[in-house]
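First the structure, in the form of structure tokens, and then the observations on it.
The values are calculated or read from the model by the stated rules, or taken from the named source; none is laboratory data. Quick caveat: nothing in here was measured; it's all calculated off a predicted structure. Please note: Cβ atoms are built from the backbone with ideal geometry, for glycine as well, and neighbour counts cover all protein chains shown.
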Amino acid sequence: MDDAGRLQVDKYLRVEGHDNIYAIGDCNSMAPQLAYAAGEQGQLLVKNLLARENKQDLVEWDSQQYEGTMIMGLGPSQAAGQMPGGELMSDEMAVPFKAHDLMVARFHELAGLENNVF
Ligand SMILES: Cc1cc2nc3c(=O)[nH]c(=O)nc-3n(C[C@H](O)[C@H](O)[C@H](O)COP(=O)(O)OP(=O)(O)OC[C@H]3O[C@@H](n4cnc5c(N)ncnc54)[C@H](O)[C@@H]3O)c2cc1C
């Protein structure tokens, strides 16, 4: 574990010292500790479990891809955001992503539920 109590992982998100144990999301030492990154790490884990099963090369986690990314919802019709590298996001991008319905529709979809709220 690192000083913050997170599991140290390698570039494939395997817990250091273990070939077949993975740690994804906030519990691992890989930046950034963000919800979107946790979801992407879940998808990478599935790919790597399948790759391992099929004796193919594992895919690396790219910890740079979200560096500096942040989106804040400011009520239902306003939001502010920053892209990887620091470029500001337009309203057209930020509002649908984080404001509007506070991502309820996205979580409905992830859970396989019919979206009858929005
Ligand atoms: C105040 C706050 C604001 C944030 N804002 C943002 C944001 O705007 N954008 C963004 O991208 N990220 C944000 N984050 C970060 C985001 O919430 C996390 O990165 C994300 O939730 C990590 O997902 P996870 O699945 O790894 O962990 P979690 O979402 O924490 O899920 C872990 C789950 O495991 C459960 N659990 C814990 N211990 C046990 C146990 N022993 N047995 C069974 N279950 C257990 C917990 O109850 C929890 O449900 C924010 C975090 C905080 C605290």
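Taking region 77-97 as the range and being of a type in the set (A, V, I, L, M) and in contact with a Gly (Cβ under 6 Å, 6 or more places away or on another chain) as the test, the residues that pass are Ala79, Met89, Ala94.
Looking at this structure, is Asn28 among the polar types (S, T, N, Q), more than 21 Å from Leu102 (Cβ to Cβ) and away from the ligand (no atom under 12 Å from the Cβ)? Talk me through it step by step, then tell me what you get.
Details: among the polar types (S, T, N, Q): yes; more than 21 Å from Leu102 (Cβ to Cβ): yes; away from the ligand (no atom under 12 Å from the Cβ): no.
No: the conditions fail for Asn28.
All of (1) basic (Lys, Arg); (2) modelled with pLDDT under 95; (3) assigned by TED's automatic domain parsing to the domain that holds Gly5 hold for Arg106 with one exception: (3).
The condition (being touching a Lys or Arg at 6+ places or on another chain (Cβ under 8 Å) and not aliphatic (A, V, I, L, M)) is satisfied by just one residue among Gly81, Gly85, Gly68: Gly81. Is at least one residue of region 43-51 at pLDDT below 95, over 19 Å from Met1 (Cα atoms) and of a type in the set (Val, Ile, Thr)? No: zero hits.
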